[in-house]
1. When a/c is below 1.5 the answer is rounded, else prolate if a/b is larger than b/c, else oblate, so apply that to region 397-446 with a ≥ b ≥ c taken from the square roots of the Cα gyration tensor eigenvalues.
2. Using a ≥ b ≥ c from the Cα gyration tensor of region 297-343 (square roots of the eigenvalues), is it rounded, prolate or oblate, where a/c under 1.5 gives rounded and otherwise the larger of a/b and b/c decides, a/b for prolate?
3. Along Cα→Cβ, 7 Å out, is where each label goes; now give me the distance between the ones at residue 474 and residue 422 in nm to one decimal.
4. Express the Stokes-Einstein translational diffusion coefficient of region 44-156 in µm² s⁻¹, to the nearest whole number, given a Kirkwood radius over alpha-carbon pairs, 4 °C and a viscosity of 1.567 mPa s.
5. To the nearest 0.05, how large is the calculated FRET efficiency for residue 220 and residue 265 if R₀ is 22 Å and r is the Cβ-Cβ distance?
6. Mind checking the angle between helix 333-346 and the chain's longest principal axis? C-alpha axes, 0 to 90 degrees, to the nearest 10.
7. Just for the chain, what percent of DSSP beta bridges are antiparallel, to the closest 5?
8. If you average the C-alpha positions of region 376-410 and of region 416-444 separately, how far apart do those two centres end up, in angstrom?
Ligand code: H79
């Protein structure tokens, strides 16, 4: 245990036993947790420009809704009895080994007639969500906006003929939500020139008519489709954020063209690190000026606080796209809130995905989970929004800590109710302690450097009982 700066966290060893039955995972999850690898050097810093962009709204927002919606949403993870073994339904073209022609035939029928952008935005807002990021084009190459670059888009290619990105952008801004798009800038299964991330499906399965001696040319793909579509997005849509993914084949020169294009048209628009870094890739200092914040791995929850401000692309379920076929699960409400709280306390936002159904309605399970988060946030929101990461060196075994920006208030998130009935924290000179759940004073004592709280016999909240602690001096 570290002892520097007098901010040691003392964990009562007897106080860590938890209610095992409450913490059982929802079924079908892979064995073991996806653990967070500490791969950021402590001295890394984003540029002053990026820090200023983060400060505009991003750092205070904490809770975003990620949306994976597209042709794949209609298949729900299976095509002609194939493909359901993959965890991600948005990968159906690969998992079911569909040729471009077969996938086009499904795209031709994509008709989400129940789509209602205002209903989506209102639901998100009511659940405490502050920003929305939707797939404008996933790896399948199909665009959800009206593109002049390619007709493989929802307006030109489907009976639906409406621009989902435009409608949702307007609806979100009307509700005061920030709006961003996901764009798969490197992978594109509809373009033979685009690079390939995996060996799971051969290029000539997707494109059987290609000549045997075909040589893919990534720069030709970037020049013809990827960069012009990004330019369309930043020119024609009022974007607050752009989310790149799986940067296979990206190098400084290629990434810079994307970054420059975004900055040219939309200087305040945030760019995520997957422009050039893989989700679990090491952060390289020379690339920091190209983007504004770090996306950690898919569904990765940080286990320790981080030097750079991050965002975790989490999901309410095991897939990103809507999936009912094969192996899939949803997180419990408790798991989701705990994942969210740990991410915020480590110093980041949680961009929590939902996969709307092929008919255009939100997934009711996702709405239920968001609803539980929203109800918890209505009572406990001050311990989340506009807070900063845990000011102490370590996180306690019973939960986690967040703090007000001025460092004068610390929030203790009690996620696992200790059997001993007490918690003890070193390094917090408390002058008051209250429960956010009911506003009542906590039974606390300061003994030397240790704040000791005697807890009620039962949690005051089924997911996270928050104690608000006022300090005599800043914890910073
Ligand atoms: O958009 C979501 C994913 O589709 C995308 N990133 C998030 C935000 C992503 N693309 N690639 N990857 C993630 C990494 C590759 C994962 C996979 Fe698999 C390996 C897909 C197919 C093989 C593991 C096994 C997941 C599905 C089957």
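1. It is rounded, given that a/c, with a ≥ b ≥ c, falls under 1.5.
2. prolate
3. Result for the modelled spin labels: 3.2 nm.
4. Translational diffusion coefficient: 78 µm²/s.
5. With R0 = 22 Å, the Cβ-Cβ based efficiency is 0.40.
6. Taking the Cα atoms of the chain, the angle to 333-346 is about 80 degrees.
7. Roughly 50 percent of the beta bridges in the chain run antiparallel, per DSSP.
8. Taking the Cα centre of region 416-444 as reference, the centre of region 376-410 is 13 Å away.
Only the coordinates and a few stated rules stand behind these numbers; no lab work does. All values derive from a computational prediction rather than experimental measurement. Every residue, glycine among them, receives a Cβ derived from its backbone with ideal geometry; neighbour counts consider all protein chains shown.
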